Each structure stands twice: as structure tokens, then as C-alpha cells.
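The values are calculated or read from the model by the stated rules, or taken from the named source; none is laboratory data. All values derive from a computational prediction rather than experimental measurement. All Cβ positions, glycine included, derive from the backbone under ideal geometry; neighbour counts span all protein chains shown.
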Amino acid sequence: MEELLKRLEEVLKAEGNAYASFCNRLPLKIGLIKRNQAVQLERMLAQEEPQLQSLLENERERAKVVQAIARQLNLDSPTWQDLLPRLAPDQQARLNPLIERLRLFSAKLKEGNWLYSQLLQAAIGYVDYSIGVVASAFSTCETSYGEPEIRETPSLILDWIA
């Protein structure tokens, strides 16, 4: 049992470090979106890909270890709520801070990803609006003589250029 608990601690620490790394990079990603630096954002996301794979492997390993511990404790459902009360107090004291750290980073990531998503949606909305303004400014219409000409429309972009 002690070997399983040590392995669980290692996996929880690795997961916590991965989540911390993602949390630390969230402000950078948000800044890139605000500064419209899509190429740099894309590079950062590509660099995170191996970390995401590693995190998934850690989560799978954690699930295996938790199931093995649950089997030793004769538990049917290996959840934290079921598992922790069955462990000795010193074992609980070792795992609780790691579990709380994961919960904290998970909540921070959820909040940061929501903001990240909102910024991306706003940016896409602005691009759609801008394309619509430019397209309407350069759309053609027929004159009375049948020759196409650029339609005059109020446009902040075109007024600014003029």
C-alpha cells in the first residue's frame, strides 16, 4: 500500500506542476490575444501540445493507482471522497495538500480559459464586423447607366484613411 501511495504522490505532484505551468502561461496567452499576435499564440499552443499529452498520461496513471488502492481497501468506487476517509491520518495529510493544489489550479484554469474564450470570441466578432464594413464599402451597385461604381457608405476605417 505504501508503494502505491508514494506513486500517487508522485503523479499528483506531476499533475499539479503541469497545471501550474498552464496557469502561469494564461496571462501570456491573454496578452497575445489582446495584442493581436496570432502567430505567437499559435506557437505557444503548439509548444503546449507535448505537455497536454504528458498531463493525460499522468491522469491515466493516477486513475490506475487510485483503483489499485481502492481494491486494497475493498472499495467499489474509487473516488477521493470514498478513498481518503479510509486512509490513515498521516496518509491523508500527505495527499490532501496535493489534491487541494490540483483543485486550486483546476479552478484557476477554468476561470482563465473562460476569459481566454471570451477574448477570442470578441476578436472573431470584431474581425467579422470589420470584414462586413469593408465589404459593404467596396460592394458595387449599378448606376443609371449600368456601369458599376463603388458605393459610398459611412465607414470608420475608410474615413480614418482619408
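A few remarks follow.
- Residues of the stretch 78-119 satisfying the condition of being more than 18 Å from R60 (Cα to Cα), of a type in the set (A, V, I, L, M, F, W, C) and modelled with pLDDT under 85: L84, L115, L119
- Of residues in the stretch 1-48 being within 24 Å of Q72 (Cβ to Cβ) and of a type in the set (D, E), the one surrounded by the most Cβ atoms within 10 Å (Cβ to Cβ): E15
- Failed criterion for N74 (all others in (1) surrounded by 11 or more Cβ atoms within 10 Å (Cβ to Cβ); (2) in a loop (DSSP other than H, G, I, E, B) hold): (1)
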